[in-house]
1. Could you check how much of the accessible area of the stretch 286-337 is carbon and sulfur, as a whole percent, using a 1.4 Å probe?
2. Toward the positive end of the charge dipole of the chain, about the Cα centre and with charges on Cβ (Lys, Arg +1; Asp, Glu -1), which of SER752, LEU361, ALA549 goes farthest?
3. At 7 Å along Cα-to-Cβ for each site, give me the label-to-label distance between ALA323 and THR381 in nm.
4. Could you list the square roots of 5 times each eigenvalue of the Cα gyration tensor of the stretch 69-196, that is, the equivalent ellipsoid semi-axes, sorted largest first and rounded to whole Å?
5. What shape does the stretch 323-437 have by the C-alpha gyration tensor, where a ≥ b ≥ c are the square roots of the eigenvalues, rounded means a/c under 1.5, and otherwise prolate means a/b greater than b/c and oblate the rest?
6. Could you work out the helix-only [θ] at 222 nm for the chain, with each DSSP H run of four or more residues adding -39,500 (n - 2.57) and the total divided by the number of residues, to the nearest 500 deg cm²/dmol?
7. So, with +1 on the Cβ of K and R and -1 on the Cβ of D and E, and no other charges, what is the size of the charge dipole of the stretch 115-157 about its Cα centre, to the nearest 20 debye?
8. Considering only the chain, what is the antiparallel percent among its DSSP beta bridges, to the nearest 5?
Amino acid sequence: MSYNCMNILRWTEAKLKYTYDVSLREANAQELHEALGEAVMMAISDNWNHAKHTRMPARKAYYISAEYLIGRLVYSNLYNLGILDEMKQLFAQRGVDLAILEEVEDAALGNGGLGRLAACFLDSAASTDIPLSGYGLRYRFGLFKQSFDANGSQKENADDWAKFGDPWSYRRYNHTVKVQFPDHTVLAVPYDVPVIGYGTQNIGTLRLWQCEAEEELDFNAFNDQDYLRALTQKNKAEDITRVLYPNDSTWEGKRLRIKQQYVLSSASLQDMLRVYKTTHGTDMSHFADFYCVQLNDTHPAMSIPELIRLLMAEGLDFEQSFAVAQKTFSYTNHTVMGEALEKWNLDLLRSVVPEIVDIILRIDEKLKREHPELFIVRDNTAHMANLSVYVGTYVNGVAEIHSQILKDDVFHQWYQAFPERFQNKTNGVTPRRWMGLCNPELTQLIKYRIGGDFLKDLDKLNNLKPMIDDDLVRQFNTVKRQKKEQLCETIYKREGVKLNPDFLFDVQVKRLHEYKRQLLNALSIVDIYFRLKDGSLQDFQPTVYLFGAKSAPGYARAKAIIRYINRIAHMINNDPDMYDKMKVVFVQNYNCSYAEEIIPAADISEQISPAGTEASGTGNMKLMLNGAVTLGTLDGANVEIVKEAGMENNYIFGATVEQINAARDSYYARGIYDTNPRLHRAIDTLVDGTVPTDDDQRELYHALLDGTHWHKADHYFLLLDYESYLEAKLCANQDYGDKLAFGRKCMMNIASGAKFSSDRTIRQYAEEIWHIEPTQF
Ligand code: 26Q
């Protein structure tokens, strides 16, 4: 069946008429979004129902994740249905520009990489007919909206993403489940979001739980006191899914966070058990033959004791339940940094989920009987990663180097006990959103050369390699220039900064964190600036340095780095000597939709974490696929990117994991500062008044050079890598002078990007972890 665009248009018009009494032309963005969304939901309903109710495959996989960073759905849904262009045309014929929907909020139910990965996986599973459903939480407020004040400081605003309605989900009250806490019971109400595959009839489901109070407000039955108590209960329930925690990579042991995690775990498993019973009866011992669950980090790890609890309530004993759980779950780790691994104080945990604690203790006893050298509970603390390795079939890292570090380091003892459990699944990104949708110009160019639909089979990109000649490179450069012009327009509109699309675009977009070393990038820019001013740097290709990043609201150092970069930008952008040489811009509210505009315009992709800290990175893949060269360390997926695309087509610098480990104890940051006058001068701008300074910037300065009571100086080795970074950065800048040679490197990256499709990743999960096959409906 193909979709009838005229019908969708008519339904949209009808909905606008009866709900808002407006015509297509009169409708504002929100009204149009709701009406068009509803019309598309009608159009897909047959296929969606069909996909849900057709005979169950032998085994289905479920992805449980506390985050899904799905972004704006309207364009990607039309795109995956194959009707975006036709719908644009139909609307245009009626005087409506579908670009008006760019005003619609992103659904940012995630922080960064981990949440976006979950969204890419669902897209890939649907597009390759792999039977995978998602479970998550429907936060009322997604990741905060960011703006900068006159000081250059980050300000956070609530992201009430569904305040104008959410046409992309159906509330399924009939599948509501109850979740028990010692002092109250809450309802978890599911909202189902269709996951529309590309080039297939298949439509998957993302089921998001929203917490509500159990008792309906009955105005007649209540006296004043009961009424107020009922309202308190209502708030208490709704509080649980009110807000997404805005931390990324740092762990915070908050009570409400336990509740969120338990609701996600319990509601999802109750839902699976309900369906199991309707199809397979009451003998629960075969549960794992039909269900397997992937845990997206340890955020949903309470699912493990919760399944055991539910199975025991159905009559299985502990050992039987344990065996089923072990066959059901696998766990993906997304970080090597100790401070990010979840560990809960047992008393706190017991006060919120007492039965879960009892089961964790039983699991821990069993473990210690079998392996006295290992532990889940130690010092009255439950280590959720250890629980997930023990009661799971497989554990995987998200890039080769990361998976190796898990075996050598983070889970070394576990690896010795259970070597067969450890796997790697290198991350990927969906080429539909990250090429087709965000870069139709490049997609068109590639399609013209290699024919067929490479977005369904990214391996076809390899066919480009022998075709990369001057002609193709020129066409690529023309596309890149177009994407820069488009981005310049957006940035002028949103940030008020005029950029020149003839400049080199050097881009670092990702969450703000010390380990990602945005400060290293900034210091190098200051150094280059001074060198341009004093004339010691010649032949410099004019460059835009672009940053996009949100900081966790309570992360003072990260916020100081944002402020510092904004102040640097202000100084440089207002220096007339720099007009034809460089611009620095830190865009506000970097999110999925902004990424879709920035990434296609980038020439250089900054991936500069110290080796051994970034688990994978996925922005690096998106930038590669859009023809940016990587300026990066041998960390995360960068290692595999340059293995595919060639060292000679990228700019690799800095210490390797081994060198970093060797430097760890002997390293003396101040020694480098004292002997490198240029770096010295750049670092001094944190405190010497070159740009407005403040206490937090001074603290950054001391953290770099003197350390603190818990960290040695320069914990993330900025000074260690500085010279080699600057050299690589200037080399890339020089190379940009030869547009054909540089464009060829970019094209080599695109042509080598096949591995980084999440279609490949999800196929490997299906084959090597879940042991399931694609199923046509
Ligand atoms: C935990 C407890 C309390 C509050 C917040 C959190 C929390 C939330 C989100 C901890 C971590 C995250 C997100 C982590 C994340 O995004 N990791 C990234 O995952 C990507 C996908 O695998 C990798 O590519 C990145 O390297 C990794 O940093």
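1. Values: 660 of 1280 Å².
On the stretch 286-337, the fraction of accessible area on carbon and sulfur atoms equals 51 percent.
2. Checked the options; the winner is SER752.
3. Label-label distance for ALA323 and THR381, simple model: 3.5 nm.
4. On the way: eigenvalues 158, 114, 48 Å².
Each semi-axis is the square root of five times an eigenvalue, giving 28, 24, 16 Å.
5. Working: a/c = 2.04, a/b = 1.60, b/c = 1.27.
Prolate.
6. On the way: 29 runs with 349 residues, N = 777.
Dividing the helical sum by the residues of the chain leaves -14000 deg cm²/dmol.
7. Details: 5 positive and 4 negative charges, 40 e Å.
With only Lys, Arg, Asp and Glu charged at Cβ, the dipole is about 200 debye.
8. Values: 28 of 72 bridges.
Given both bridge residues lie in the chain, the antiparallel proportion sits at roughly 40 percent.
The values are calculated or read from the model by the stated rules, or taken from the named source; none is laboratory data. Small disclaimer: the values here were computed from a predicted structure and weren't measured. Because the Cβ atoms are built from the backbone with ideal geometry, glycine has one as well, and the counts that use them run over all protein chains shown. Calculation scope for accessible area: heavy atoms of the full protein, side chains included, ligands and nucleic acids excluded. Shrake-Rupley method; radii C 1.70, N 1.55, O 1.52, S 1.80 Å.
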